[in-house]
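The values are calculated or read from the model by the stated rules, or taken from the named source; none is laboratory data. Please read these numbers as outputs of a predicted model, since none were measured by experiment. Because the Cβ atoms are built from the backbone with ideal geometry, glycine has one as well, and the counts that use them run over all protein chains shown. When the accessible area is computed, the model is the full protein with side chains, heavy atoms only, and any ligands, DNA or RNA have been set aside. Shrake-Rupley method; radii C 1.70, N 1.55, O 1.52, S 1.80 Å.
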Amino acid sequence: MEENKKIIFSGIQPSGELTLGNYLGALKNWVKLQDEYDCYFCVVDLHAITVKQKSADLRRRTLEVLAIYIAAGINPEKNTLFIQSHVPAHSEAAWLLTCNSYMGELSRMTQFKDKSKKHGESVPTGLFTYPVLMAADILLYQTDLVPVGVDQKQHLELARDLGGRFNSAYSQTFKIPEPYIPPVGAKIMSLQEPTKKMSKSDENVNGFILIMDPPDVIRRKISRAVTDSIGVVNYTDEQPGIKNLINILSAIKGYTSDEIVAMYKDKGYSEFKNDVAEAIIEELKPLQDKVNEFLKDKKSLETIYKAGADKANYMANKTLRKVQKKIGLIPR
Ligand code: AMP
Ligand code: TRP
């Protein structure tokens, strides 16, 4: 670890297969940050269990997400890659912060409101306290910046509030983190309902592209993507389907939306869609091959997550001990 580098923390839940939204909105941006920052990238398995998971699936996906991190280009030698449950300080700090959080502020979280609707009378408590665990993840590492999609901004605000509240009550303990929202790829929308975020929990599988989807599936999903009857490739809110495809192409190729509109000025949607599909395939295919290699070599994945856990435990415990002491817990 280099002392003067700023600290970045982020994580993805292994609660389903990762989507193109996760890749363009999160991973692809993380890769660019690793030289400049001291980065902690976590597979947040404890967040995943806020909704029911089959144990075998959770195990498989946790390793798959780690393999995807590395295959996407995150260097495990330069960054700390680890599994959240391997660092008990996250759960412990989450409890200590829970005792300094309010029902009201957690009730206002839009993700909680959305997700809890699906559970009728039996809303899991973990869904409610989920943002406090996320705050613990971030605050334990004295994080400067948190790269997340716009959907996570509210959770980050809460982390800032909880950190600030603790600092005022007990003296300076936590660094207050800033969000780091990438300019492009910040929100990739569903291919079927382009006003909704692309999400792995969408019931309609045509709404999302998975990082591990084979080329023919990607071609099929893009060709079925909802567009409009205007017939001209334009970047406007009146054409949310086309706008989303432009954002996808832009995030992959680095072209601006204006450049893309100019490129397809006299061309139809089918040619545009075709190029979007091929761009996605070209981007994902090498990554998929690497993921499959890693998953065959569980030993090297294990070496990586164990080294990550050692480093993360050391850093997280330093903060946790301070928090415990300030609260008045007796040190062991
Ligand atoms: P999640 O899949 O909810 O665990 O999200 C992991 C990371 O991917 C977070 O930083 C999200 O903001 C980001 N992310 C998830 N879905 C999308 C999307 N459709 N567009 C952009 N970013 C996304
Ligand atoms: N809640 C985040 C999401 O669903 C995942 C997450 C958990 C996270 N802990 C985090 C993201 C800490 C950034 C920092 O996307």
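List of remarks:
- Residues within region 16-66 that are within 11 Å of the chain's Cα centre (by Cα) and more than 23 Å from N244 (Cα to Cα), tallied: 5
- Among the candidates W95, W30, residue that is within 23 Å of H155 (Cα to Cα) and within 14 Å of ligand 2 (Cβ to nearest atom): W30
- Any hit, region 6-28, residues being away from ligand 1 (no atom under 11 Å from the Cβ), over 20 Å from I304 (Cα atoms) and surrounded by fewer than 17 Cβ atoms within 10 Å (Cβ to Cβ): yes
- Any pair with Cβ under 8 angstrom, 6 or more apart, that starts in region 305-320 at a residue that is β-branched (V, I, T) and ends at one that is in a helix (DSSP H, G or I): T319/A89; T319/A93; T319/L139
- Considering region 91-137, the residues that are of a type in the set (D, E) and open to solvent by 80 Å² or more (accessible area, probe 1.4 Å) include one that is farthest from I12 (Cα to Cα), namely E121.
- Residue satisfying condition, being more than 15 Å from ligand 1 (Cβ to nearest atom), of a type outside the set (A, V, I, L, M) and open to solvent by 10 Å² or more (accessible area, probe 1.4 Å), within set D202, D144: D144
- Any chance S201 is touching a residue at least 40 places away in the same chain (Cβ under 8 Å), more than 14 Å from ligand 2 (Cβ to nearest atom) and farther than 17 Å from I222 by Cβ: no
- Taking the conditions (1) touching a Lys or Arg at 6+ places or on another chain (Cβ under 7 Å); (2) farther than 24 Å from Y40 by Cα; (3) surrounded by 17 or more Cβ atoms within 10 Å (Cβ to Cβ) in turn, Q192 satisfies each one other than (1).
- Filtered residue count, region 191-216, keeping only those that are outside any loop (DSSP other than H, G, I, E, B) and either closer than 27 Å to K265 by Cβ or touching a Leu at 6+ places or on another chain (Cβ under 8 Å) (or both): 3
- When we screen G21, G11 for residues that are in contact with a helix residue (DSSP H, G or I) (Cβ under 9 Å, 6 or more places away or on another chain) and either within 11 Å of ligand 2 (Cβ to nearest atom) or within 26 Å of I281 (Cβ to Cβ) (or both), the only hit is G11.
- Answer from V44, V51, V31 - the residue that is under 30 Å from S122 (Cα atoms) and modelled with pLDDT under 95: V51
- G163 passes every criterion in (1) without any contact (Cβ under 8 Å) to a residue 60 or more places away in the chain; (2) open to solvent by 10 Å² or more (accessible area, probe 1.4 Å); (3) more than 16 Å from ligand 1 (Cβ to nearest atom); (4) not β-branched (V, I, T) apart from (2).
- Subset of region 216-245 that is under 24 Å from the mean Cα position of the chain (by Cα) and open to solvent by 40 Å² or more (accessible area, probe 1.4 Å) - its residue that is nearest to A26 (Cα to Cα): K243
- Residue match in region 45-64 (condition: among the charged types (D, E, K, R) and farther than 30 Å from V217 by Cβ): no
- Residue list for region 146-156, restricted to those being more than 10 Å from ligand 2 (Cβ to nearest atom) and modelled with pLDDT of 95 or more: Q154
- Options E283, E271; residue that is of a type in the set (D, E, K, R) and open to solvent by less than 50 Å² (accessible area, probe 1.4 Å): E283
- From the options L46, L63, residue that is in contact (Cβ under 8 Å) with a residue 24 or more places away in the chain, open to solvent by 10 Å² or more (accessible area, probe 1.4 Å) and within 28 Å of I280 (Cα to Cα): L63
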